[in-house]
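This report refers to the structure that appears directly beneath it.
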Amino acid sequence: MEVKERLQKVFSDTFRLKNVSDIDRLEPDEIPEWDSLGHEYLMTKVAEEFKIEISTEASSNLTNFREILDYIGKQQVQ
C-alpha cells in the first residue's frame, strides 16, 4: 500500500470517515472529532503506522492531510 493510501486509512480509522475520496483536502474544522485531543490521537496513530517520531513542535504545525503527508515523505518511512 502506498504512503498516501496508508495515511488515508489512518484518517478514516481515527475519525471514522466513510468517504475517503476527498480526505486529502480535509481540514480540522471540517471534522468535529479533529479537536486538540483528536489531533494528538491522530499524530500517535500516524507515528505508529509509519514508525516515525513526531515532535510536539512538528505536530502543532501539521494541520491538514497534505502537510502530514509531506512530513511523512521527508521521514524515512518503512
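Listing for the model above:
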quantity	calculated
Whichever residue in region 1-49 is in contact with a helix residue (DSSP H, G or I) (Cβ under 8 Å, 6 or more places away or on another chain) and among the acidic types (Asp, Glu) and, among such residues, is nearest to LEU69 (Cα to Cα)	ASP24
Among (1) among the small types (Gly, Ala, Ser); (2) in a helix (DSSP H, G or I); (3) free of Cβ contacts under 8 Å to residues at least 40 places away in the same chain - the single one SER21 does not satisfy	(2)
Filter result for ASP35 (among the charged types (D, E, K, R) and closer than 19 Å to SER60 by Cβ)	yes
Residue check for LEU42: assigned to a helix (DSSP H, G or I), surrounded by fewer than 10 Cβ atoms within 10 Å (Cβ to Cβ) and modelled with pLDDT of 95 or more	no
Every pair of residues 6+ apart whose Cβ atoms lie under 8 Å, when the first sits in region 43-65 and is over 14 Å from LEU7 (Cβ atoms) while the second is part of a loop (DSSP other than H, G, I, E, B)	THR63/GLU27
Whichever residue in region 11-39 is of a type in the set (A, V, I, L, M, F, W, C) and loosely packed, with under 15 Cβ neighbours inside 10 Å and, among such residues, is modelled with the highest pLDDT	LEU37
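The values are calculated or read from the model by the stated rules, or taken from the named source; none is laboratory data. Owing to the predicted nature of the structure, the values given are computational and were not obtained by experimental measurement. As a convention, Cβ positions derive from the backbone with ideal geometry for all residues, glycine included, and neighbour counts pool all protein chains shown.
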